[in-house]
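Shown next, in structure tokens, is the structure this report addresses.
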Amino acid sequence: MSDSIDLEYFKKSLEQRLKELTDGHKEIRPLDTGPVARGPAIPHGCHATQAITQAAARLAAMEEQRIRTALKRMDAGDYGYCIHCDEAIAEGRLRVDPSILTCIACARNADKR
């Protein structure tokens, strides 16, 4: 576990976001798209609204899984280290997304594949 990062800060941030996500899952309902510029409102129940709602739910579930993984890594003493190369993840990168699992170099390499 990286000694140079503030684990309590990151743990609190992760737990708070997890609570927001799990509380939000109980309330997922069609988005209120309202009037769209140069067009009418998208009616509730239309396929586009359902697709957007489903995509939002999938993204929330993926984020929830990343957070749970980060918290487990924290408990195991592996938090703050890249899952691919074991190098420390920059604290600035963790501050942007505390659930991130890869260093910037490995993330860039994955983008090239």
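Of all residues in region 76-93, which are in contact with a helix residue (DSSP H, G or I) (Cβ under 6 Å, 6 or more places away or on another chain) and closer than 13 Å to K11 by Cα?
Matches in region 76-93: Y79 only.
Out of the residues in region 87-113 that are touching a strand residue (DSSP E or B) at 6+ places or on another chain (Cβ under 8 Å) and part of a loop (DSSP other than H, G, I, E, B), state the one that is nearest to I5 (Cα to Cα). Explain how you work it out, then say what you get.
So in region 87-113, the residues touching a strand residue (DSSP E or B) at 6+ places or on another chain (Cβ under 8 Å) come out as 87-89, 103.
Checking the rest, the ones that are also part of a loop (DSSP other than H, G, I, E, B) come to 87, 89, 103.
Working: E87: 14, I89: 10, C103: 14 Å.
Restricting to residues being touching a strand residue (DSSP E or B) at 6+ places or on another chain (Cβ under 8 Å) and part of a loop (DSSP other than H, G, I, E, B), the top hit is I89.
Cβ-Cβ distance below 9 Å, separation of 6 or more or different chains: which pairs start in region 90-101 with a residue that is of a type in the set (V, I, T) and end on one that is surrounded by 15 or more Cβ atoms within 10 Å (Cβ to Cβ)?
If the second residue must be surrounded by 15 or more Cβ atoms within 10 Å (Cβ to Cβ), the pairs left are I100/R66; I100/A70; I100/I89; I100/R93; I100/L94; I100/A107.
Report every pair of residues separated by at least 6 positions or lying on different chains whose Cβ atoms are under 7 Å apart, first residue within region 60-87 and closer than 18 Å to I104 by Cβ, second buried (at least 17 other Cβ atoms within 10 Å of the Cβ) and among the basic types (K, R).
Sorted first by the residue in region 60-87, then by its partner, the pairs are Y79/R73.
What are the residues in region 46-86 that are in a loop (DSSP other than H, G, I, E, B), loosely packed, with under 15 Cβ neighbours inside 10 Å and acidic (D, E), if any?
Matches in region 46-86: D86 only.
If the requirement is being of a type outside the set (D, E, K, R) and either at pLDDT 95 or above or surrounded by 11 or more Cβ atoms within 10 Å (Cβ to Cβ) (or both), which of these qualifies: P43, P98, P35?
P98
The values are calculated or read from the model by the stated rules, or taken from the named source; none is laboratory data. It should be emphasised that the depicted structure is a prediction, and the values quoted were computed from it without experimental measurement. For neighbour counting, all protein chains shown are included, and Cβ atoms are generated from backbone atoms with ideal geometry for every residue, glycine included.
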